[in-house]
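Here, each number is a calculation from the coordinates, and none is a lab measurement. Being a predicted model, the structure only gives us computed values, none of them experimental. Using ideal geometry, Cβ is built from the backbone for each residue, glycine included, and neighbour counts are taken over all protein chains shown.
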Amino acid sequence: MTRASLLLIAALRRTAGGLLLLVGASFVIYITIRSAPGDAIDAISPMGTPPEVKAKLMAEFGLDRDPLTGYVAWLSRSAVGDFGESLVFAPGATVMDVGLPAFERTLALAGLALAACLVLALLGALLLGRPHPRQQLVTGPLYFVTAAPSFVVAVLFAQGMNWFVHTYVEQGGYETPPWYPIPIYSESWMPYLFAGIVLVAGDGLFTDFLNAVRAELQGLRNAQFIAAVRAKGARTVSHIARNMVVPLVSGYAARLPIVLGGVVIVEYIFTLDGAGYLLLEAARERDFPIVVGLSVLFTATIIVVNLLADIVRALVDPREVARGG
Amino acid sequence: MEAKAERLGLWSSGAVVAVVLLLGVVAPFVAYDPASAVDYDQQLVGPSAAHWFGTDGQGRDVAIRLLKGIEAFFLPGLLAGLAATTLGALAGAIAGYAEGWVRSAVLGLMQLIDTLPRLVFIILVCTILNPSISLIAGVAAVLFVPNIATVVRRKVEALASEDYILAHIAHGFRPTRILLYHIIWLQCRPLLIRQATYVFGYVLFVETALSYLGDYGVQEPTPSWGNMVAQTRELAGAAPWPWLFPALAIVITISGFLAFGNLLARREEEALR
Amino acid sequence: MSEPTPLLTGRGLVKRFRTRSLLRGTKETRALDGVDIDVFPGEVVALIGESGSGKTTLGKVLMRLTPIDAGEVKLLGRDLFSLGRQALREARRDFQMVFQNQTANLHPKMTVRQMVDESLRLHRPDLDAAGRAARIDQLLGRVGLAPRADQRPASLSGGERRRAGLARILATKPRLIVADEPTSGLDAAIKLQTIELLRELKEEAMTYLLISHDLGLVRRIADRVLVMLHGRIIEQVPADLLGKTEFHHPYTHRLMRAADLDDERRAPPRERRDDGRGGDAEAAPEDLHAGCVHVADCQLAARLGILPRCTRERPTPVEVGRGHWVACFGAESPLEDAR
């Protein structure tokens with residue numbers, strides 16, 4: 001068997017596994033819907049929903065059938081991206097019309113924030129070099145501070161900005177400065193930058209990543225094969241770099257769920273027009289199709305990113321292919 | 001030097017944990033009626049001897065609200081940590097020891113739970129079921145089971161590959177004793193404590209975040225650190241103490257618990273070597 | 001022949017390992033390929049052979065630590081593979097195993113005393129706390145670890161760890177000890193101590209199955225030697241005849257030559273056959289198991305011109321001397337040719 005066909009088979013196997021996971025996860029979500037107390041339809045529709053809309057919802061979520069066939073009906077619609085229509089938030093529009101653009105923005109924000117975090121962690125690890133006792137005086141408190149939940153960081157950040165704005169206005173400014181983090185009607189990209197900073201700084205993301213990268217680097221520096229390369233007189237940089245790819249990719253994929261959690265609340269605080277904001281608003285107004293549609297999108301993203309990470313790992317490290325059989 | 005810094009970290013984070021535990025135990029015994037605490041003559045009084053952390057927009061003492069706010073997450077957090085570690089340890093032991101379809105089933109289930117986006121799933125559950133902090137803590141506990149199971153499974157597999165389990169079966173021990181007592185209780189305890197502190201921190205995070213958002217968390221006038229922080233919406237920069245102290249309390253408690261779990265586990269791991 | 005009843009009997013033991021792979025299909029290796037073995041009370045039987053010959057697997061099968069595909073194991077007349085769980089656990093006190101991997105025998109979080117105590121609680125429910133304490137002191141004194149009783153494994157030396165493991169095993173008062181490489185990884189002085197201890201126990205009528213590469217150790221304490229290759233026992237020889245008798249299996253010769261190089265850790269060097277076909281054991285398992293397992297490397301067969309028969313037919317053990325059996329067609333040839 002050639003390496004390419006082995007890779008292909010490994011990729012197909014993993015894709016099949018990912019699809020299976022997606023089916024399983026969507027089943028968990030569906031069962032959660034069915035487990036609503038009392039009449040499930042009342043739990044998932046806003047107050048005062050007209051009966052014909054209720055009947056449509058019932059049909060869409062398969063609530064008029066037994067859980068299994070209902071799930072199959074719901075899944076076959078969801079699988080092609082049909083999550084029904086928004087009820088309150090944007091009545092008449094399909095969930096995908098409303099949700100997808102917002103979700104793309106959220107994904108970009110979370111993905112870029114995490115990428116920035118990865119780069120910063122790598123730079124930080126290279127800057128700090130080998131672990132040294134005195135560094136703990138820096139990394140210890142750093143750990144302590146950055147473990148703060150992102151929403152608290154966001155609140156403190158926004159309040160700090162507020163305070164700045166007050167001083168700005170008092171000093172003679174008469175309109176909101178362009179860097180104000182909470183855009184009410186603004187098109188500025190600054191709030192996204194602020195949200196990104198908050199995401200990187202909160203939830204222990206940065207220090208956690210930094211520690212992981214440092215441990216990995218240190219392990220490689222001490223590894224026997226690196227010593228062998230050094231003994232040959234060759235440069236070790238490329239060997240270390242190649243062996244860092246797998247842990248970095250894995251680390252990225254493993255931390256994405258954390259960022260996707262943090263981004264929901266951070267978006268809400270900065271009133272960014274993303275999926276997190278949409279999710280919370282829709283949940284508040286009981287716009288159920290949107291809540292479910294976005295939940296599935298979030299779950300699917302985590303599965304797909306893990307799948308991609310698996311494939312990248314297989315491309316870089318032949319042992320990963322063998323492991324897949 | 002290294003040991004000194006680490007000991008300092010362990011002691012300071014241990015102090016945070018001890019204080020939170022103490023206050024959490026005391027809080028239920030402190031009588032507090034949010035309605036009668038309102039005092040419009042004392043609005044937004046700064047920190048003083050009478051009001052350590054000042055008063056909020058309705059003239060309520062911030063310090064006592066901070067103390068009572070612990071109740072919102074304390075017991076659910078502890079129970080969730082206990083439940084998650086217990087279930088996780090069992091699942092990990094089964095996945096590490098069993099073979100064939102049992103192992104595959106447990107691993108598959110763990111992988112399935114692990115793909116659910118935690119916060120999004122909790123919000124989804126809250127929209128469907130009657131939201132309560134016990135429900136949130138219960139869901140959080142289940143969502144953390146895979147993390148813990150992985151840690152325990154790796155330990156079991158490492159020991160199995162060193163013939164540890166086989167040798168002790170040969171000696172006449174029951175597999176359950178080897179797994180539950182030797183491996184989980186004696187060897188995984190520090191790891192489990194770390195995971196339990198993590199789950200506790202997560203429950204605190206979710207409770208405060210949802211209370212901050214306002215729909216599913218603790219509702220005014222009952223105090224929660226989260227809905228106290230939410231006062232920023234009305235107060236903005238005018239008087240920081242009603243929201244700044246709870247915000248700091250959240251940061252210190254979460255960081256303290258996580259750091260304590262981590263440092264404790266690290267110390268135990270080093271002692272094993 | 002009137003013999004004493006064996007303590008342990010294995011008959012027709014077969015153990016296969018299958019590796020299944022979507023791409024490469026199912027591959028089967030026979031770790032045990034029809035093994036018969038008897039161990040009599042009070043004797044020390046040594047099992048020698050290169051790594052991967054199935055020695056450790058045989059040890060584990062005899063301890064009922066791994067399932068078998070065919071055959072039966074009897075200990076004191078009881079069929080081990082038909083015992084229920086509870087009965088098996090109780091039976092286990094009669095046969096104990098010292099594992100090669102030291103981390104396997106000891107618990108990192110317990111002191112030596114606690115480990116022995118745990119074992120006594122399990123196997124000697126009749127003893128009270130004081131009785132156990134007395135027994136622990138006695139056992140630790142027996143293996144010379146009394147002053148280290150309250151240490152954890154991490155602070156013990158390699159030899160002390162082995163003796164701690166042995167103390168725990170002796171706590172059950174076993175009838176039979178299977179010792180897998182009891183001296184590997186020890187430096188010379190500690191190795192000697194360990195051998196001494198094993199020999200003292202032998203004097204106390206302990207029965208051993210000794211699994212080892214170490215011919216020095218085998219010569220010193222074994223009564224009988226079984227030579228294993230590719231899952232078969234190809235020779236059985238009284239220990240005092242090892243290397244001193246007229247005929248040995250060609251493979252045993254190679255083992256002894258390798259031991260003369262005085263490197264117990266290294267498996268005997270593989271000899272290339274003249275026709276250049278490598279002696280790779282995994283190359284053709286079917287062929288290997290049809291005839292003699294040594295055929296791929298056998299110069300004797302080539303010299304005697306019996307290669308076709310060795311490839312086709314499986315040699316049965318032939319008694320070449322008192323208590324000395326060899327499974328080799330070469331044994332049927334006149335001695336001067338075979339040597």
*Could you name the lysines in cross-link range of C:LYS109, using Cα to Cα under 20 Å and dropping any fewer than eight places away on the same chain?*
B:LYS155
*Principal axis dimensions, largest first and in whole angstrom, of the range A:100-284 by Cα*: 66, 40, 25
*Cα long-axis angle, helix B:100-115 against chain B (0 to 90 degrees, to the nearest 10)*: 20
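Tell me, A:LYS56, C:LYS60, C:LYS202 in order of fewest to most beta-carbon neighbours within 10 Å? Present the calculation step by step, with values, prior to reporting the outcome.
On the way: A:LYS56 15, C:LYS60 22, C:LYS202 19.
Lowest count first: A:LYS56, C:LYS202, C:LYS60.
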*What span do the alpha-carbon atoms of the range C:104-173 cover on each of the three principal axes, reported in whole Å from largest to smallest?*
33, 21, 19
*What's the angle, to the nearest 10 degrees (0 to 90), between helix C:112-123's Cα axis and the longest principal axis of chain C?*
80
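Write down the Kirkwood hydrodynamic radius of the protein assembly as shown, to one decimal in angstroms, obtained as one divided by the mean of 1/r over all alpha carbon pairs.
On the way: mean 1/r = 0.0305 Å⁻¹.
Here the Kirkwood hydrodynamic radius works out to 32.8 Å.
Express the C-alpha Rg of chain C as a ratio against the empirical globular expectation 2.2 N^0.38 Å, rounded to two decimals.
Ratio of Rg to 2.2 N^0.38 Å for chain C: 1.06.
Return the percentage of antiparallel bridges among DSSP beta bridges fully within the protein assembly as shown, rounded to the nearest 5 %. List each step's numbers first, then the result.
Values: 32 of 49 bridges.
Beta bridges within the protein assembly as shown, antiparallel portion: roughly 65 percent.
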*Theoretical FRET efficiency, 1/(1+(r/R0)^6), r = Cβ-Cβ of C:ARG219 and A:LEU12, R0 56 Å, to 0.05*: 0.45
_For the range C:125-134, 3J(HN,Hα) per residue [Karplus equation, 6.51 cos²θ - 1.76 cosθ + 1.60, θ = phi - 60°, Hz, x = Gly/Pro]_ = x, 6, 7, 8, 4, 5, x, 5, 4, 5
*Obtain the radius of gyration and the Kirkwood radius of the range B:137-176 from its C-alpha atoms and give Rg over Rh.*
1.21
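For Cα pairs less than 8 Å apart in space and 6+ apart in sequence, what is the mean separation divided by the residue count of chain C, i.e. the relative contact order in percent?
Details: 569 pairs, mean separation 63.8, N = 339.
Over chain C, the number comes to 19 percent.
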*Can you tell me the 0 to 90 degree angle between the C-alpha axis of helix A:95-128 and the longest principal axis of chain A, rounded to 10?*
20
_With eigenvalues of the C-alpha gyration tensor scaled by 5 and rooted, the range B:75-195, Å_ = 31, 15, 10
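Averaged over its residues, how many other protein chain Cβ atoms are within 10 Å of peptide C:118-131's Cβ atoms?
Across the residues of C:118-131, the mean count of other-chain Cβ atoms within 10 Å is 1.
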*Of C:ARG64, C:ARG89, C:ARG168, which is the most mobile in a GNM of chain C whose springs link Cα atoms less than 10 angstrom apart?*
C:ARG89
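Starting with the fewest neighbours, write out A:VAL152, A:VAL316 ranked by other beta-carbon atoms found within 10 Å of each beta-carbon.
Numbers: A:VAL152 29, A:VAL316 14.
In increasing order of surrounding Cβ atoms, one gets A:VAL316, A:VAL152.
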*Shielding of A:68-81 by partners, i.e. mean partner chain Cβ atoms within 10 Å per residue?*
0
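What is the average number of partner chain Cβ atoms found within 10 Å of a Cβ in B:9-15? Mind dumping the intermediate values first?
Numbers: counts 6, 0, 0, 3, 3, 0, 0.
Mean partner-chain Cβ count within 10 Å for B:9-15: 2.
Would you mind ranking C:HIS253, A:HIS132, B:HIS171 by Cβ crowding within 10 Å, fewest neighbours first? Before the final figure, lay out the partial values.
Values: C:HIS253 16, A:HIS132 10, B:HIS171 26.
Placing the least packed residue first, the sequence is A:HIS132, C:HIS253, B:HIS171.
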*Taking Cα centroids, how far is the range A:198-275 from the range A:11-41 in Å?*
30
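List the pairs from C:LYS15/C:LYS202; B:LYS4/B:LYS68; C:LYS74/C:LYS191; C:LYS55/C:LYS191; C:LYS15/C:LYS191 whose alpha-carbon separation is above 26 Å, in the order I gave them.
Details: C:LYS15/C:LYS202 30 Å; B:LYS4/B:LYS68 35 Å; C:LYS74/C:LYS191 32 Å; C:LYS55/C:LYS191 21 Å; C:LYS15/C:LYS191 32 Å.
Beyond 26 Å between Cα atoms: C:LYS15/C:LYS202; B:LYS4/B:LYS68; C:LYS74/C:LYS191; C:LYS15/C:LYS191.
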*Between C:ILE233 and residues 5 or more places away or on another chain, which pairs have amide H atoms under 5 Å apart, with H built 1.01 Å from N, and which residues are they?*
C:ASP36
_Helix-only mean residue ellipticity at 222 nm for the protein assembly as shown, each DSSP H run of n ≥ 4 adding -39500 (n - 2.57), per residue, nearest 500_ = -19000 deg cm²/dmol
